[in-house]
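> Let me give you the structure first, and then I'll get to my questions.
The values are calculated or read from the model by the stated rules, or taken from the named source; none is laboratory data. Please read these numbers as outputs of a predicted model, since none were measured by experiment. No Cβ is skipped: glycine too gets one built from the backbone with ideal geometry, and neighbour counts run over all protein chains shown.
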Amino acid sequence: MTVFWSLAAVMVMVALLFLLPPLLRKRTVSAVSLDDLNTNVIKEQLAELEADRAIGKLDKAQFDAARQDLERELLYDLASSDDAQTATPERGGRWLTLLLIPAIPLCAVLLYQLMGSVELIDRVQQAQTSQPQSAQPQSVATIEEMVTLLATRLQQQPDDLKGWVMLARSYSIMKRYSEATAAYENVLRLGGEEAGLLTDYADAMVMANGGIFTDESGALLVRALELDPDNVKGLWLAGHWKNQSGAQAEALGYWQQAALKLPAGSEDATVIAQQINEVQRQLGITTESAPAITTATDSGHGVSLSVHVALAPDFSAIAAAEDTVFIYARATQGSRMPLAIVRKQVKDLPVTVTLDDSMAMSPQMVLSNLDQVTVGARVSKSGGAMPQSGDLQGLVTPVDTQTNETIQITISNKVP
């Protein structure tokens, strides 16, 4: 019993040592270290660059340039992080201290009298001696844990612009696009209207919507290009937006501007050259009449799939003429994000469309990177890109990406 009460007294004193110092001094409000989160995110991006270099997607010059960009971004974030912290005095700290000194021991005794048991000490000791030593827990929080802490802190400090930017970027890297979109909404609320942030916001919004552009995401790109007409990502995404909506001539204009700003021979330049060539073919523009794009390499048209879509007769009474129809190709395994997608309406059916590399959202997400894909068509009752109960669909899988035959799809199933 004496041992127990001695231990109890020591534990109460230790608790007071933890609680009292913060109450007696000014403290800097920072529930999560943005520096640590910045560093971990940059390390993850650097690891992705090294992986791309290892498999040949990046040469040494491209890798070095990208790494320098990441290092500059990290230095900028670390240099500016001190400004985000402000020292705030705890006005009631001393009065609260005077109350806690007698209150903590008194509460501990009362709670023990109600629920305690001295014998538990012996039981715990016995259990510890009977169990093998386990591995020590990790001392460094994972990125997921740090992001969770940051999100919690921002609920308490909702006007921290830098914190919202970091949270939005982190969610995007983690492919949690819906949460990234919500974080970017707060960035704009706090006045973070910069071209780079607006394009990132539009990108997250499109990814959260299953690769489908909306009027809202398009408006973000328009505003971004007003602020910075040379923003390559903004030009690239704007081209996809117009191409997806059927405005190929406008898409071509955006992509030609972007191509002029890309390093010659880079993977991005190669992909955008394919997109330009395909759109020119659709518009009937010959190579002789088209302006030369010197930064891109001539890599042909890439993969092109012809898809014929029809609606089953049984569904003709269910689907309204104005209902949206998404015709798409995606990987047979892994990510369900479309590699190529076309939007039509039920009144357009039956219809034959072409899915090709010009519809790729990134150099890594192109049809020509895969041997087989899943090709589908879906009638969306809500008009949204994400499948919902009651939608009508048809799928063909697997499809060889090198096939020259037209893929026949009949929309004959209902999404449960």
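> Would you confirm whether or not region 222-229 contains a residue that is assigned by TED's automatic domain parsing to the domain that holds GLN257, under 19 Å from ASP268 (Cα atoms) and not in a helix (DSSP H, G or I)? Break it down into steps so the answer makes sense when it comes.
Taking region 222-229 first, the residues assigned by TED's automatic domain parsing to the domain that holds GLN257 are 222-229.
Then drop every residue that is not under 19 Å from ASP268 (Cα atoms), which leaves 229.
Still in the running and not in a helix (DSSP H, G or I): 229.
Taking every residue of region 222-229 in turn, at least one turns out to be assigned by TED's automatic domain parsing to the domain that holds GLN257, under 19 Å from ASP268 (Cα atoms) and not in a helix (DSSP H, G or I).
> Residue under question is ASP371, and the condition is that it be modelled with pLDDT of 80 or more, surrounded by fewer than 13 Cβ atoms within 10 Å (Cβ to Cβ), in contact with a strand residue (DSSP E or B) (Cβ under 8 Å, 6 or more places away or on another chain) and under 20 Å from GLN275 (Cα atoms); does it hold? I'd like the intermediate steps shown before the answer.
Working: modelled with pLDDT of 80 or more: yes; surrounded by fewer than 13 Cβ atoms within 10 Å (Cβ to Cβ): yes; in contact with a strand residue (DSSP E or B) (Cβ under 8 Å, 6 or more places away or on another chain): yes; under 20 Å from GLN275 (Cα atoms): yes.
Yes; evaluated as a whole, the condition is true for this residue.
> Can you tell me how many residues in region 178-221 are of a type in the set (S, T, N, Q) and assigned to a loop (DSSP other than H, G, I, E, B)?
Initially, region 178-221 is screened for residues of a type in the set (S, T, N, Q), giving 178, 181, 186, 199, 209, 214, 217.
Then drop every residue that is not assigned to a loop (DSSP other than H, G, I, E, B), which leaves 209, 214.
Residues that pass the stated criteria total 2.
> Shifting gears a bit: Can you pull out the residues in region 333-368 that are within 22 Å of the chain's Cα centre (by Cα), surrounded by 14 or more Cβ atoms within 10 Å (Cβ to Cβ) and under 30 Å from SER316 (Cα atoms)?
MET337, PRO338, LEU339, ALA340, ILE341, MET359
> OK, next. Which of (1) buried (at least 16 other Cβ atoms within 10 Å of the Cβ); (2) more than 21 Å from the chain's Cα centre (by Cα); (3) modelled with pLDDT of 90 or more does ARG330 not meet, given it meets every other one?
So ARG330 meets the others, but not (2).
> Identify the residue in region 248-271 that is modelled with pLDDT under 85 and part of a helix (DSSP H, G or I) and, among all such residues, is surrounded by the most Cβ atoms within 10 Å (Cβ to Cβ).
VAL271
> Determine, yes or no, whether VAL415 is out of contact with any helix residue (DSSP H, G or I) (no Cβ under 7 Å at 6 or more places or on another chain), of a type outside the set (Gly, Ala, Ser), modelled with pLDDT under 95 and closer than 20 Å to ALA320 by Cβ.
Working: out of contact with any helix residue (DSSP H, G or I) (no Cβ under 7 Å at 6 or more places or on another chain): yes; of a type outside the set (Gly, Ala, Ser): yes; modelled with pLDDT under 95: yes; closer than 20 Å to ALA320 by Cβ: yes.
For VAL415, the condition - out of contact with any helix residue (DSSP H, G or I) (no Cβ under 7 Å at 6 or more places or on another chain), of a type outside the set (Gly, Ala, Ser), modelled with pLDDT under 95 and closer than 20 Å to ALA320 by Cβ - is met.
> Report, by residue number, each residue of region 358-405 that is farther than 17 Å from ARG330 by Cα and hydroxyl-bearing (Ser, Thr, Tyr).
SER380, SER382, SER389
> Could I ask something else about it? Could you list, in sequence order, the residues of region 231-250 that are farther than 13 Å from LEU221 by Cα and among the aliphatic types (A, V, I, L, M)? Don't jump to the end; show me each part of the working.
The initial filter retains those residues of region 231-250 that are farther than 13 Å from LEU221 by Cα, namely 243-250.
Across region 231-250, the qualifying residues are ALA247, ALA249.
> Just to verify a result, which residue in region 395-412, among those that are over 15 Å from ILE327 (Cα atoms) and either of a type in the set (Val, Ile, Thr) or under 32 Å from the mean Cα position of the chain (by Cα) (or both), is surrounded by the fewest Cβ atoms within 10 Å (Cβ to Cβ)? Before the answer, list the steps.
First pass over region 395-412, keeping only residues over 15 Å from ILE327 (Cα atoms): 398, 400-405.
Filter once more, so that each one left must be either of a type in the set (Val, Ile, Thr) or under 32 Å from the mean Cα position of the chain (by Cα) (or both): 398, 400-403.
Values: PRO398: 13, ASP400: 13, THR401: 21, GLN402: 10, THR403: 12.
In this case the residue turns out to be GLN402.
> Give the residues of region 319-328 that are out of contact with any Pro (no Cβ under 7 Å at 6 or more places or on another chain) and closer than 18 Å to GLY376 by Cβ, sorted by residue number. Spell out how you get there, then give the answer.
Filtering region 319-328 for residues out of contact with any Pro (no Cβ under 7 Å at 6 or more places or on another chain) gives 319-327.
Answer for region 319-328, where residues must be out of contact with any Pro (no Cβ under 7 Å at 6 or more places or on another chain) and closer than 18 Å to GLY376 by Cβ: ALA319, ASP323, THR324, VAL325, PHE326, ILE327.
> Checking PRO313 against (1) farther than 27 Å from LEU252 by Cβ; (2) at pLDDT 90 or above; (3) in contact with a strand residue (DSSP E or B) (Cβ under 7 Å, 6 or more places away or on another chain), which test does it fail?
Failing condition for PRO313: (3).
> Has region 310-320 got at least one residue that is outside any loop (DSSP other than H, G, I, E, B), closer than 19 Å to GLY246 by Cβ, hydrophobic (A, V, I, L, M, F, W, C) and touching a helix residue (DSSP H, G or I) at 6+ places or on another chain (Cβ under 8 Å)?
Start the filter on region 310-320 by keeping residues that are outside any loop (DSSP other than H, G, I, E, B), which leaves 310-311, 313-315.
When the remaining residues are screened for being closer than 19 Å to GLY246 by Cβ, the result is none.
Looking for residues that are outside any loop (DSSP other than H, G, I, E, B), closer than 19 Å to GLY246 by Cβ, hydrophobic (A, V, I, L, M, F, W, C) and touching a helix residue (DSSP H, G or I) at 6+ places or on another chain (Cβ under 8 Å), one finds none in region 310-320, hence no.
> Looking at (1) hydrophobic (A, V, I, L, M, F, W, C); (2) within 23 Å of THR401 (Cβ to Cβ); (3) in contact with a Leu (Cβ under 8 Å, 6 or more places away or on another chain), which is the one condition that is false for PHE326?
Unmet condition: (3).
> Moving to a separate point now. Do you know which residues across region 149-171 are crowded, with 16+ Cβ neighbours inside 10 Å and acidic (Asp, Glu)?
Passing the criteria: only ASP160.
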